[in-house]
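For reference, the structure discussed in these notes is given below.
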Amino acid sequence: MPTILFVEDEYPMRVALEDAFKHCGYEVASASDGEAGLKLVEERKPDLVILDVMLPHMDGFEVCKQLRQRGFTKPILMLTARSQEVDKVIGLELGADDYVTKPFGDRELLARVKALLRRASHEPPELGNYRFGTVDIDFTHFIAEKNGYSLRLTSTEFSLLHLLISQKGKVLTREELLNKVWGYEFFPQSRTVDNHILRLRQKLEDDPNHPRHILTMHGLGYKFVD
Ligand code: CA
(Lines give C-alpha, C1' and ligand atoms only; values in the text may rest on other atoms or scores of the structure.)
Protein backbone atom coordinates (compact mmCIF):
# COMPACT_ATOMS: atom_id res chain seq x y z
CA MET A 1 0.00 0.00 0.00
CA PRO A 2 1.13 3.57 -0.63
CA THR A 3 2.72 5.59 2.16
CA ILE A 4 1.07 8.89 3.04
CA LEU A 5 2.91 11.55 5.03
CA PHE A 6 0.89 14.05 7.05
CA VAL A 7 2.42 17.33 8.16
CA GLU A 8 -0.01 18.89 10.63
CA ASP A 9 0.68 20.51 13.99
CA GLU A 10 -2.80 20.05 15.49
CA TYR A 11 -2.62 16.79 17.38
CA PRO A 12 -6.33 15.74 17.29
CA MET A 13 -6.48 16.44 13.56
CA ARG A 14 -3.31 14.48 12.91
CA VAL A 15 -4.48 11.47 14.89
CA ALA A 16 -7.89 11.51 13.21
CA LEU A 17 -6.30 11.62 9.77
CA GLU A 18 -3.81 8.87 10.62
CA ASP A 19 -6.62 6.64 11.87
CA ALA A 20 -8.81 7.24 8.82
CA PHE A 21 -5.99 6.38 6.41
CA LYS A 22 -4.67 3.42 8.39
CA HIS A 23 -8.20 2.07 8.46
CA CYS A 24 -8.18 2.09 4.66
CA GLY A 25 -4.89 0.18 4.60
CA TYR A 26 -2.43 2.99 3.88
CA GLU A 27 1.02 3.17 5.45
CA VAL A 28 1.07 6.39 7.43
CA ALA A 29 3.81 8.68 8.70
CA SER A 30 3.34 12.05 10.33
CA ALA A 31 5.19 15.14 11.45
CA SER A 32 4.08 18.11 13.53
CA ASP A 33 6.18 20.76 11.78
CA GLY A 34 7.78 21.48 8.44
CA GLU A 35 11.34 20.73 9.47
CA ALA A 36 10.40 17.24 10.67
CA GLY A 37 8.21 16.77 7.59
CA LEU A 38 11.10 17.47 5.22
CA LYS A 39 13.26 14.98 7.12
CA LEU A 40 10.58 12.30 7.01
CA VAL A 41 10.19 12.71 3.26
CA GLU A 42 13.87 11.76 2.87
CA GLU A 43 13.55 8.82 5.25
CA ARG A 44 10.19 7.34 4.33
CA LYS A 45 9.92 8.33 0.65
CA PRO A 46 6.14 8.78 0.82
CA ASP A 47 3.94 8.33 -2.25
CA LEU A 48 1.95 11.43 -1.33
CA VAL A 49 2.28 14.29 1.16
CA ILE A 50 -0.63 16.00 2.88
CA LEU A 51 0.54 19.38 4.03
CA ASP A 52 -1.24 21.80 6.32
CA VAL A 53 -0.72 25.46 5.37
CA MET A 54 -0.78 26.75 8.96
CA LEU A 55 2.30 25.27 10.64
CA PRO A 56 4.63 26.71 13.27
CA HIS A 57 8.07 28.10 12.22
CA MET A 58 7.88 27.18 8.54
CA ASP A 59 4.44 27.34 6.89
CA GLY A 60 3.08 24.75 4.48
CA PHE A 61 3.82 26.92 1.44
CA GLU A 62 7.51 27.02 2.33
CA VAL A 63 7.59 23.26 2.95
CA CYS A 64 5.93 22.66 -0.43
CA LYS A 65 8.41 24.94 -2.17
CA GLN A 66 11.38 23.23 -0.52
CA LEU A 67 10.08 19.76 -1.36
CA ARG A 68 9.85 20.69 -5.03
CA GLN A 69 13.26 22.35 -4.97
CA ARG A 70 14.70 19.13 -3.55
CA GLY A 71 13.24 17.22 -6.47
CA PHE A 72 10.24 15.60 -4.78
CA THR A 73 7.83 14.89 -7.66
CA LYS A 74 5.10 12.87 -5.92
CA PRO A 75 1.70 14.49 -5.33
CA ILE A 76 1.33 17.15 -2.64
CA LEU A 77 -2.11 17.95 -1.29
CA MET A 78 -2.47 21.10 0.82
CA LEU A 79 -4.91 21.62 3.65
CA THR A 80 -6.03 25.18 4.07
CA ALA A 81 -8.12 26.52 6.93
CA ARG A 82 -9.04 29.59 5.01
CA SER A 83 -11.17 29.47 1.93
CA GLN A 84 -9.48 32.43 0.31
CA GLU A 85 -8.62 31.95 -3.30
CA VAL A 86 -5.18 33.43 -2.69
CA ASP A 87 -4.06 30.47 -0.55
CA LYS A 88 -5.12 27.99 -3.19
CA VAL A 89 -3.39 29.90 -5.93
CA ILE A 90 -0.16 30.31 -3.96
CA GLY A 91 -0.15 26.61 -3.12
CA LEU A 92 -0.64 25.54 -6.73
CA GLU A 93 1.99 27.96 -7.95
CA LEU A 94 4.50 26.54 -5.49
CA GLY A 95 3.94 23.06 -6.85
CA ALA A 96 1.03 21.58 -4.89
CA ASP A 97 -1.23 19.29 -6.92
CA ASP A 98 -4.48 19.83 -5.10
CA TYR A 99 -5.90 21.38 -1.95
CA VAL A 100 -8.75 20.74 0.44
CA THR A 101 -10.36 23.44 2.58
CA LYS A 102 -10.94 22.76 6.27
CA PRO A 103 -13.33 21.59 7.56
CA PHE A 104 -13.57 18.56 5.30
CA GLY A 105 -14.86 15.03 5.65
CA ASP A 106 -12.58 11.96 5.71
CA ARG A 107 -14.34 10.61 2.66
CA GLU A 108 -13.63 13.70 0.61
CA LEU A 109 -9.95 13.66 1.55
CA LEU A 110 -9.64 9.92 0.89
CA ALA A 111 -11.27 10.37 -2.52
CA ARG A 112 -8.85 13.16 -3.44
CA VAL A 113 -5.86 11.13 -2.30
CA LYS A 114 -7.03 8.12 -4.25
CA ALA A 115 -7.46 10.21 -7.40
CA LEU A 116 -3.99 11.76 -7.03
CA LEU A 117 -2.34 8.38 -6.44
CA ARG A 118 -4.17 6.77 -9.33
CA ARG A 119 -3.00 9.48 -11.63
CA ALA A 120 0.59 9.34 -10.37
CA SER A 121 0.84 5.57 -10.81
CA HIS A 122 -1.00 5.15 -14.10
CA GLU A 123 0.84 7.61 -16.25
CA PRO A 124 0.41 6.27 -19.77
CA PRO A 125 3.94 5.77 -21.11
CA GLU A 126 2.97 5.41 -24.81
CA LEU A 127 4.58 8.67 -25.78
CA GLY A 128 8.02 7.58 -24.55
CA ASN A 129 10.35 10.36 -25.59
CA TYR A 130 9.08 13.57 -27.06
CA ARG A 131 10.97 16.58 -28.32
CA PHE A 132 9.67 20.05 -29.12
CA GLY A 133 11.65 23.29 -29.43
CA THR A 134 14.58 22.93 -27.05
CA VAL A 135 12.66 20.64 -24.71
CA ASP A 136 13.16 16.89 -24.33
CA ILE A 137 10.66 14.87 -22.35
CA ASP A 138 11.06 11.24 -21.35
CA PHE A 139 7.57 10.30 -20.21
CA THR A 140 8.60 6.77 -19.26
CA HIS A 141 11.16 7.92 -16.71
CA PHE A 142 9.64 11.32 -15.87
CA ILE A 143 12.66 13.23 -17.05
CA ALA A 144 12.41 16.67 -18.63
CA GLU A 145 15.21 18.80 -20.04
CA LYS A 146 15.43 22.17 -21.71
CA ASN A 147 18.63 23.07 -23.57
CA GLY A 148 20.17 20.05 -21.86
CA TYR A 149 19.37 21.33 -18.36
CA SER A 150 17.07 19.21 -16.26
CA LEU A 151 13.66 20.61 -15.36
CA ARG A 152 11.66 19.61 -12.34
CA LEU A 153 8.10 18.78 -13.32
CA THR A 154 5.59 17.46 -10.81
CA SER A 155 3.51 14.38 -11.56
CA THR A 156 0.54 16.62 -12.34
CA GLU A 157 2.61 18.69 -14.75
CA PHE A 158 3.79 15.53 -16.51
CA SER A 159 0.16 14.32 -16.78
CA LEU A 160 -1.08 17.62 -18.11
CA LEU A 161 1.74 17.87 -20.64
CA HIS A 162 1.26 14.25 -21.67
CA LEU A 163 -2.42 14.83 -22.35
CA LEU A 164 -1.81 18.05 -24.29
CA ILE A 165 0.89 16.43 -26.45
CA SER A 166 -1.09 13.24 -27.02
CA GLN A 167 -3.94 15.40 -28.36
CA LYS A 168 -1.60 17.65 -30.32
CA GLY A 169 -3.32 20.34 -32.38
CA LYS A 170 -6.66 19.71 -30.72
CA VAL A 171 -8.30 22.22 -28.38
CA LEU A 172 -8.90 20.79 -24.92
CA THR A 173 -11.36 22.59 -22.66
CA ARG A 174 -10.60 23.27 -19.01
CA GLU A 175 -13.31 20.78 -18.07
CA GLU A 176 -11.74 18.05 -20.20
CA LEU A 177 -8.34 18.74 -18.69
CA LEU A 178 -9.77 18.76 -15.15
CA ASN A 179 -11.58 15.48 -15.69
CA LYS A 180 -8.75 13.68 -17.39
CA VAL A 181 -5.80 14.98 -15.40
CA TRP A 182 -7.33 15.55 -11.98
CA GLY A 183 -9.80 12.71 -12.36
CA TYR A 184 -12.87 14.06 -10.67
CA GLU A 185 -15.85 16.06 -11.76
CA PHE A 186 -17.15 17.52 -8.53
CA PHE A 187 -14.52 20.19 -8.35
CA PRO A 188 -14.93 22.59 -11.26
CA GLN A 189 -12.04 24.95 -10.41
CA SER A 190 -10.84 26.16 -13.76
CA ARG A 191 -8.18 28.26 -12.00
CA THR A 192 -6.48 24.98 -11.14
CA VAL A 193 -5.93 24.27 -14.83
CA ASP A 194 -4.85 27.84 -15.58
CA ASN A 195 -2.28 27.84 -12.79
CA HIS A 196 -0.74 24.57 -13.90
CA ILE A 197 -0.61 25.77 -17.52
CA LEU A 198 1.13 28.92 -16.29
CA ARG A 199 3.75 26.87 -14.46
CA LEU A 200 4.32 24.57 -17.43
CA ARG A 201 4.90 27.59 -19.64
CA GLN A 202 7.34 29.10 -17.16
CA LYS A 203 9.32 25.88 -17.24
CA LEU A 204 9.06 24.96 -20.92
CA GLU A 205 8.55 28.03 -23.05
CA ASP A 206 11.42 30.29 -24.18
CA ASP A 207 9.19 33.29 -23.52
CA PRO A 208 6.37 32.29 -21.15
CA ASN A 209 4.50 35.51 -21.92
CA HIS A 210 4.41 34.66 -25.62
CA PRO A 211 4.06 30.87 -25.62
CA ARG A 212 4.72 29.01 -28.87
CA HIS A 213 3.76 25.50 -27.79
CA ILE A 214 1.10 25.63 -25.09
CA LEU A 215 -1.45 28.00 -26.59
CA THR A 216 -4.52 29.61 -25.09
CA MET A 217 -7.58 29.38 -27.34
CA HIS A 218 -9.67 32.21 -25.95
CA GLY A 219 -13.06 31.14 -24.69
CA LEU A 220 -12.27 27.50 -25.54
CA GLY A 221 -9.29 26.11 -23.68
CA TYR A 222 -5.73 25.12 -24.50
CA LYS A 223 -3.90 23.35 -27.25
CA PHE A 224 -0.39 22.06 -27.83
CA VAL A 225 1.54 22.61 -31.07
CA ASP A 226 5.11 21.55 -31.93
CA1 CA B 1 -2.18 23.65 11.50
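Over the chain, what percent of the accessible surface lies on carbon and sulfur atoms, probe 1.4 Å? Of all accessible area on the chain, carbon and sulfur atoms account for 51 percent. Based on every Cα atom in the stretch 31-82, Rg and the maximum pairwise Cα distance Dmax equal 10.0, 31 Å.
FRET efficiency for His210 and His141, Cβ-Cβ distance as r, R0 = 41 Å, nearest 0.05? With R0 = 41 Å, the Cβ-Cβ based efficiency is 0.85. Farthest toward the dipole's positive end in the chain, which of Met54, Asn179, Ile90, given Cβ charges of +1 (Lys, Arg) and -1 (Asp, Glu) about the Cα centre? The residue sitting farthest along the positive end of the dipole is Asn179.
In nm, to one decimal, how far is the Arg70 label point from the Asp106 one, both placed 7 Å along Cα→Cβ? For the pair Arg70/Asp106, the computed spacing is 3.0 nm.
Just reorder Ser32, Ser121, Ser159 by solvent-accessible area, largest first, 1.4 Å probe, all chains present.
Reading off the accessible areas and sorting them downward yields Ser121, Ser32, Ser159.
Ordering Leu40, Phe72, His213 by Cα displacement along the dipole of the chain toward the positive end leaves His213 in first place; charges were set at the Cβ atoms of Lys, Arg (+1) and Asp, Glu (-1).
Using the Kirkwood formula on the Cα atoms of the stretch 129-224, what hydrodynamic radius do you get, in angstrom to one decimal?
Numbers: mean 1/r = 0.0738 Å⁻¹.
Its Kirkwood hydrodynamic radius stands at 13.6 Å.
What whole-number value in Å² describes the accessible area per residue of the stretch 1-139 for a 1.4 Å probe?
47
Taking 0.36 nm per residue of sequence separation and removing the Cα-Cα distance, the Arg152/Lys180 pair yields an extension gain of 7.9 nm. Membrane-span-like helices in the chain (whole DSSP H runs, Cα extent of at least 20 Å along the helix axis, mean Kyte-Doolittle hydropathy of at least -0.5): 106-121.
Computed from label points 7 Å out along Cα-Cβ, the spacing between Asp194 and Asp59 is 2.2 nm. Each principal axis of the Cα atoms in the stretch 1-138 has its own extent, and those three values, largest first, are 49, 32, 29 angstrom. Taking the Cα centre of the chain as origin and assigning +1 to Lys and Arg Cβ atoms and -1 to Asp and Glu Cβ atoms, the resulting dipole is close to 580 debye.
Modelled this way, with points 7 Å down the Cα-to-C-beta line, the labels at Lys170 and Lys39 are 5.0 nm from one another.
The values are calculated or read from the model by the stated rules, or taken from the named source; none is laboratory data. In this text the structure is predicted, and so the values were computed from the model without any measurement. All Cβ positions, glycine included, derive from the backbone under ideal geometry; neighbour counts span all protein chains shown. In case anyone asks, the SASA skips ligands and DNA or RNA and just uses the protein heavy atoms, side chains included. Shrake-Rupley method; radii C 1.70, N 1.55, O 1.52, S 1.80 Å.
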